[in-house]
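See structure below.
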Amino acid sequence: MAKKEEAISMIDILAEFKELKNIDKDTMVSVLEDSFRNVIAKMFGTDENYDVIINPEKGDFEIWRNRMVVADDELEDTNLQLTLTEARKIDADCEVGEEVIDEVHFADFGRRAILNLRQTLASKILELQKDSLYAKYKDKIGTIVAADVYQVWKKEILLLDDEGNELLLPKSEQIPSDFYRKGETIRAVVQKVDNYNNNPKIILSRTDKAFLQRLFELEVPEINDGLITIKVIARIPGERAKVAVESYDDRIDPVGACVGMKGSRIHGIVRELRNENIDVINYTSNVSLFIQRALSPAKISSIRVNEEEHKAEVYLRPEEVSLAIGRGGLNIKLACMLTEYTIDVFRDVEGADEEDIYLDEFTDEIDGWVIEVLKNIGIYTAKGVLAMSRDELIERADLEDTTVDEVIAILSAEFEDESQE
C-alpha cells in the first residue's frame, strides 16, 4: 500500500511540472531533489547521508540512505548509524566501522512527510513560475504584446496572456477614448516589469511613445529592415502625434514610405490609436529647418534661433499663425516636444503684405538647392531675402557672389513687374 501511495504521489508531482512551460528537465529534477531533501532534513535534522535519484523518464524516484555500522550496544543515532545485527540483514559480510547503503521508501515516512513534500514543492513551483514570468517579460520590455481583458476596474484593466499570466494596463496608460469589455483583445507595449518580494507585476501601456514606434515598425517594412529610422516622436495620446523620420538611402522617401499608397500604412496605426492624427516629417539636424517642418502645415516667414537657450522666435503671416498654434495649441506644443526648443510665434506684420511670395514659387528660376540653403538660414519668402543685405546673404548662406546677385535680381524683377502692372 505504501508503494502505491508513493507511486501515485510521484505521478501527481510530475504532472504538476508538465503544466509549467519554459522549465527545462534539469531544473525540474533539481527542484524535485531539493524538495525531497528539504523534507528529509526537517524530519531527521540532516539530509547529508541520503542520495536522492529522480527518474523523470520513468516517472519514479529512489532514495538511498548511508549509515555507519556500530556494535549493537553503541547505537546513538538511528538516522546515521546501524547496529551490526541490522546491518547484516542488508549485507551479510559487513563489519563494524563500514558504511551500509539501503533503499528507503518515502511513503514509509508517513502522510505528514508526503504533505510536507507537496507544500514544499508547491512553494518552489510558485517561485519558478514567478522567476520565469519575470524573466520572460523583462526581455519583452518595449515590445508589443496582445492579451485578453479579464477584469475591468476603475483604475486599471486586468489582462491574461495566452499562458494565463496576469498583466496590468493602468488607466493612466490607456488612450482617453479606449473602452474595452471582458474577453476583448488589447494590444499594448510592455512598459515595465516590477518584482517586489519576488512578485512580478507587468505594466502595459498604450500611451507610451514606444507603442507608436513599434506600430510603425510593424506596418512599415523599411523601418523594420533598418532602411528608415524613426529619430524623434512627440505624442499627445489620442489627439495628435508628430514623427520625424530619416532614410540613409537617397532612393527612399521616408515620409512617403511611412504613409503608404493613399495612406494605406498609416491608416492601420491611426485606427489602433483611436484616430490619433499623425504627422510624419523628414528629420534634419538643421535646427531652423527642423523647427519649420515641425510647425507644418504652417509656413513661416522667418525664424531666429538661440541654440544656447534652446529657444526660437518664429515669424508668420497672420493667416498662418492659427495653423502654427493648432487646435487647442496642440501643433505648437508637439513642435516644441519634437524639437526640444521653446518656440514663440509672432505675427510678421511687415511680411503680411499679400505681395510677398514664398521661395518655393521660384523653383523654375532658382535652383532647388539654393532655395534650401536660404531656408536653412531662416528665410522662406522673397521679401525676406531682399530685406537682407547682399554681404550678409553671402556670409550667412555661404553662397557665391554671382549666385546671390542672380537670386536678388530674379526676386527684385518679380516685384518690379508687379508694380508696373
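If I filter the stretch 277-295 down to residues being assigned to a loop (DSSP other than H, G, I, E, B) and open to solvent by 50 Å² or more (accessible area, probe 1.4 Å), which single residue comes out as farthest from residue 216 (Cα to Cα)?
Step one: of the stretch 277-295, the residues assigned to a loop (DSSP other than H, G, I, E, B) are 283-286, 295.
Next, only the ones that are open to solvent by 50 Å² or more (accessible area, probe 1.4 Å) stay: 283, 285.
Working: 283: 16, 285: 22 Å.
Within the stretch 277-295, the match that is farthest from residue 216 (Cα to Cα) is 285.
Could you give me the residue pairs with C-beta distances under 7 Å whose first residue belongs to the stretch 357-373 and is in contact (Cβ under 8 Å) with a residue 24 or more places away in the chain, whose second residue is acidic (Asp, Glu) and open to solvent by less than 70 Å² (accessible area, probe 1.4 Å) wherever it lies, and which are 6+ apart or on separate chains?
Partner pairs satisfying both residue conditions: 357/414.
Give 304, 347, 327 a once-over and let me know the one that is closer than 29 Å to residue 277 by Cα, open to solvent by 10 Å² or more (accessible area, probe 1.4 Å) and in contact with a helix residue (DSSP H, G or I) (Cβ under 6 Å, 6 or more places away or on another chain). Steps first, answer last, please.
On the way: 304 fails: in contact with a helix residue (DSSP H, G or I) (Cβ under 6 Å, 6 or more places away or on another chain); 327 fails: in contact with a helix residue (DSSP H, G or I) (Cβ under 6 Å, 6 or more places away or on another chain).
Just one listed residue meets the conditions, 347.
Identify all residues within the stretch 345-377 that are in a loop (DSSP other than H, G, I, E, B), under 20 Å from residue 400 (Cβ atoms) and modelled with pLDDT under 80; write none if there are none. Please lay out each step first, then the result.
Start the filter on the stretch 345-377 by keeping residues that are in a loop (DSSP other than H, G, I, E, B), which leaves 348-349, 353-357, 363-367, 377.
Restricting the remaining residues to those that are under 20 Å from residue 400 (Cβ atoms) gives 363, 365-367, 377.
Once the filter is applied, which keeps residues that are in a loop (DSSP other than H, G, I, E, B), under 20 Å from residue 400 (Cβ atoms) and modelled with pLDDT under 80, the stretch 345-377 yields only 377.
Restricting the first residue to the stretch 116-144 and requiring it to be in contact (Cβ under 8 Å) with a residue 40 or more places away in the chain and under 20 Å from residue 210 (Cβ atoms), which pairs with a second residue that is in a helix (DSSP H, G or I) and open to solvent by 50 Å² or more (accessible area, probe 1.4 Å) meet a Cβ separation below 6 Å and a spacing of at least six or different chains?
What qualifies is 144/214.
Of everything in the stretch 222-237, what is without any contact (Cβ under 8 Å) to a residue 12 or more places away in the chain and open to solvent by less than 60 Å² (accessible area, probe 1.4 Å)? Give them in sequence order. Walk me through how you get there before you give the answer.
Step one: list which residues in the stretch 222-237 are without any contact (Cβ under 8 Å) to a residue 12 or more places away in the chain, which gives 224-226.
The answer is 226, and nothing else.
With respect to residue 305, is the statement that it is in a strand (DSSP E or B) and within 25 Å of the chain's Cα centre (by Cα) true? Even if it seems obvious, please write down each step before you answer.
Values: in a strand (DSSP E or B): yes; within 25 Å of the chain's Cα centre (by Cα): no.
Against the criterion (in a strand (DSSP E or B) and within 25 Å of the chain's Cα centre (by Cα)), residue 305 does not qualify.
Name every residue in the stretch 176-186 that is buried (at least 18 other Cβ atoms within 10 Å of the Cβ) and modelled with pLDDT under 95, in order of residue number. Quick ask: steps written out before the conclusion?
Let us first name the residues in the stretch 176-186 that are buried (at least 18 other Cβ atoms within 10 Å of the Cβ), namely 178, 186.
Within the stretch 176-186, just 178 meets the criteria.
Name the one entry in 163, 103, 156 that is open to solvent by 50 Å² or more (accessible area, probe 1.4 Å), farther than 30 Å from residue 51 by Cβ and at pLDDT below 90. Even if it seems obvious, please write down each step before you answer.
Values: 103 fails: farther than 30 Å from residue 51 by Cβ; 156 fails: at pLDDT below 90.
Answer to the selection: 163.
The values are calculated or read from the model by the stated rules, or taken from the named source; none is laboratory data. What you see is a predicted model; the values in this text were computed from it and never measured. FYI the Cβ positions are ideal-geometry reconstructions off the backbone, even for glycines, and counts take in every protein chain you see. In case anyone asks, the SASA skips ligands and DNA or RNA and just uses the protein heavy atoms, side chains included. Shrake-Rupley method; radii C 1.70, N 1.55, O 1.52, S 1.80 Å.
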